[in-house]
Amino acid sequence: MKTYFDSSALVKIYVTEAHSDRARKEAQAVPQIPFTWLHTLEVGNALRVLAGGGLLSAEESRALLGQMEDDQQAQRLVSMTMEWPKVFHDAVQLSRGHAARLLCRSLDILHVAVAAELGCARFVSADDRQLALAKAAGLKPVDIRQAR
């Protein structure tokens, strides 16, 4: 598994939003997608917030959460075991080296640290700061807002 999807890119796979087509194409191009507790929290929370805000019905949200679970069982989303203390240590180092210049948020830094810890080569996102940090960390940024 060489391609990491940040949480917002994963949400776009399940919920039709701007840039969902590109996110889905990127997902179809890889056999499996790494999936961590960070994704579980953020993607699940995003689907619940969309329902709470009236952009999805409660039924739609539950169905999408079920689809995500199905994808985990089918190994399209592969649960990854992380050394979380090491990830946070590496995230602090990324913050020290790049946050002042790139203005990265903590969760953005965590996603990049996770991707690096997993040995991913590509980083899929639609967030400028996160993509810039991924590049600075030696990952190939894939901006789903741009045509393939």
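Nothing in this text is a laboratory measurement; each read-out follows from the coordinates by a stated rule. Everything numeric here is computed off the predicted structure, so don't read it as measured data. Cβ: placed from backbone, ideal geometry, glycine included. Neighbour counts: every protein chain shown.
Is at least one residue of segment 81-88 touching a strand residue (DSSP E or B) at 6+ places or on another chain (Cβ under 9 Å), aliphatic (A, V, I, L, M) and not in a helix (DSSP H, G or I)?
Looking for residues that are touching a strand residue (DSSP E or B) at 6+ places or on another chain (Cβ under 9 Å), aliphatic (A, V, I, L, M) and not in a helix (DSSP H, G or I), one finds none in segment 81-88, hence no.
If you check VAL15, VAL43, which single one turns out to be among the β-branched types (Val, Ile, Thr), out of contact with any Ser or Thr (no Cβ under 6 Å at 6 or more places or on another chain) and within 22 Å of SER57 (Cβ to Cβ)?
Residue meeting the stated conditions: VAL15.
So for segment 78-89 (the condition being β-branched (Val, Ile, Thr), touching a Phe, Trp or Tyr at 6+ places or on another chain (Cβ under 7 Å) and surrounded by fewer than 18 Cβ atoms within 10 Å (Cβ to Cβ)), does at least one residue qualify?
Yes, that holds for at least one residue.
Within segment 52-67, is even one residue surrounded by 19 or more Cβ atoms within 10 Å (Cβ to Cβ) and closer than 30 Å to PRO85 by Cα?
For segment 52-67, residues surrounded by 19 or more Cβ atoms within 10 Å (Cβ to Cβ) and closer than 30 Å to PRO85 by Cα: absent.
Could you grab the pairs with beta carbons closer than 7 Å, sequence gap of 6+ or different chains, first residue in segment 38-57 and in contact (Cβ under 8 Å) with a residue 60 or more places away in the chain and within 19 Å of ILE109 (Cα to Cα), second one β-branched (Val, Ile, Thr) and crowded, with 16+ Cβ neighbours inside 10 Å?
LEU38/VAL114
Mind listing just one residue for me: the one in segment 109-130 that is without any contact (Cβ under 8 Å) to a residue 40 or more places away in the chain and buried (at least 24 other Cβ atoms within 10 Å of the Cβ) and, of those, farthest from VAL30 (Cα to Cα)?
Checked segment 109-130; the qualifying residue farthest from VAL30 (Cα to Cα) is ILE109.
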